[in-house]
Amino acid sequence: MKRILASLLMLLCASAALAAPAPGTLADPAQEARARALQKELRCMVCQGESIDESNAQLAADLRDLVRARIKAGESDDAIKRYLVARYGDFILMKPPFDANTYALWLTPFAVLIVAAGVAMWVVSRAAKSPQGEA
């Protein structure tokens, strides 16, 4: 029984290794690796918390196809990013640049933390000043 299971496992591993590339992927492994790396740097405009490499949204699939087509056409990663930024804005980048247009993206989390800390300190100070009998 163990030999049969081991044989099936080996057959399964061999069939996965011989599988054809998935539709929509580039035939050149170096170009496909470059496309995957670039897709991880681009935000899905539908999901917003995921890269287009991770997202299952239709827009993300269209953007993956666009990235692959431009890589196949010989464009550089920077040229592809510039095109997408011109079309969708800096928000499409998972790590947008720190400039006047993106101050809100970078500084809002810190502002929220400062406000939350202020509210927490106010609540604690009010609780400390209130008589112990009231609860």
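No value in this document is a laboratory result; all are computed from the given coordinates. Not measured: the values here are computed from a predicted model. Every residue, glycine as well, gets a Cβ built from its backbone with ideal geometry; the counts of neighbours run over all protein chains shown.
Brief remarks follow.
- From the largest down, segment 51-130 spans 70, 29, 15 angstrom on the principal axes of its Cα atoms.
- Qualifying GluC sites (Glu not before Pro) in segment 42-135, DSSP loop, other Cβ atoms within 10 Å at most 11: 134
- Computed packing ranks the peptides 87-97, 105-115, 39-49 as 39-49, 87-97, 105-115, most packed first, by mean other Cβ atoms within 10 Å.
- Using θ = phi - 60° and Karplus 6.51 cos²θ - 1.76 cosθ + 1.60, couplings along segment 67-78 (whole Hz; Gly, Pro as x): 4, 5, 5, 6, 5, 5, 6, x, 6, 7, 4, 5
- Centroid-to-centroid separation of segment 45-63 and segment 70-135 [C-alpha atoms, Å]: 20 Å
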